[in-house]
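Values in this text are rule-based calculations from the coordinates and carry no lab data. In this text the structure is predicted, and so the values were computed from the model without any measurement. Note: ideal-geometry Cβ built from the backbone for every residue, glycine included; neighbour counts use all protein chains shown.
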Amino acid sequence: MPVLKVENLTKSFGRTHVLKGVSFDLCEGEVLSVIGSSGSGKTTLLRCINQLETANSGRIIVGGRMVFDSSSEKKLTKKEKRENQLQIGLVFQSFNLFPQYTALDNVTLALKSLAKNRTDFRKNRKQIHSEIEDKAKSILMRVGLSDKFYSYPCELSGGQQQRVSIARAMALEPKILFFDEPTSALDPELTGEILKVIRQLASDSMTMVIVTHEMAFAEAVSTKVIFMDDGVIESCGTPNEVFRENPSDRLKEFLRKYE
Ligand SMILES: Nc1ncnc2c1ncn2[C@@H]1O[C@H](COP(=O)(O)OP(=O)(O)OP(=O)(O)O)[C@@H](O)[C@H]1O
Ligand SMILES: [Mg+2]
């Protein structure tokens, strides 16, 4: 069963039709790269799937849960919406770390706030917090930041800050990780660090959707590639199919910009 299923999704902002009927699915462990020109609707697609925007029509199913269905009258409660959102971890271009917190606190913050809902929280607060910190440290170690637990964002390089934001997204154990151009604010040397972390996650079978302008990386790391053009999926397939065997004329034109 797919972990993500998107069916005929449409979204407009006023008179701008941004998504014009987008459908695809993603199985567990798959890595999907979404490529396409600026304005083609890539970010809007991610935002609609994670309910940061409400699509106009279509259906979205994440981890077997219907998170959006325009044909249904049923309204989700705030709690259901939040639970749906927690299934997806988000990593943005601009890191979005809290500047007043250390790397470790940035990773533990959401986990500590969720733990407050546990029935045993009052009784076991100390132990719960210490378990959360141990978990956060092991994730920070996984992204190569074992010596930066207590550094503040302003003391970290862009690449290190982005790795903290990846650790923060991973800490919530989402079913899928979404990356929206995770390297576009970084210079080429730091870009390599992030791509290495994503590659490692891919080999650990993390299910991921990555909006990227790094074509060589998309080709190397993905199991599936979607080329978005003007609000539709213009091409979709394995990297080999999309980039090598059968690139459409429109895709060839787009790829020429990266040569
Ligand atoms: N909140 C909004 N209100 C109005 N228009 C919007 C909004 N968000 C996006 N758009 C419009 O939707 C279109 C698609 O935007 P989107 O951000 O999805 O593109 P993108 O493919 O992610 O581009 P880029 O590669 O530049 O990030 C653009 O024309 C944009 O102006
Ligand atoms: Mg975008």
- Message: Tell me which GluC sites (Glu not before Pro) from segment 1-68 have a DSSP coil assignment and no more than 13 other beta carbons within 10 Å of their own.
- Response: none
- Residue separation between residue 257 and residue 25 times 0.36 nm, minus their alpha-carbon distance, gives in nm 80.7 nm
- Query: Fully extended, how many nm does the chain gain between residue 138 and residue 117 (0.36 nm per residue separation, minus their Cα-Cα distance)?
  - Reply: 5.2 nm
- Message: How many angstrom lie between the Cα centre of segment 122-159 and the Cα centre of segment 22-49?
- Response: 30
- Item | Between helix 158-171 and the chain: long-axis angle, C-alpha atoms, 0 to 90°, nearest 10 | 80
- Message: Antiparallel versus total DSSP beta bridges in segment 169-259: what percent is that, nearest 5?
- Response: 55
- Query: Highest GNM mean-square fluctuation, the chain, Cα pairs closer than 10 Å: which of 243, 121, 149?
  - Reply: 121
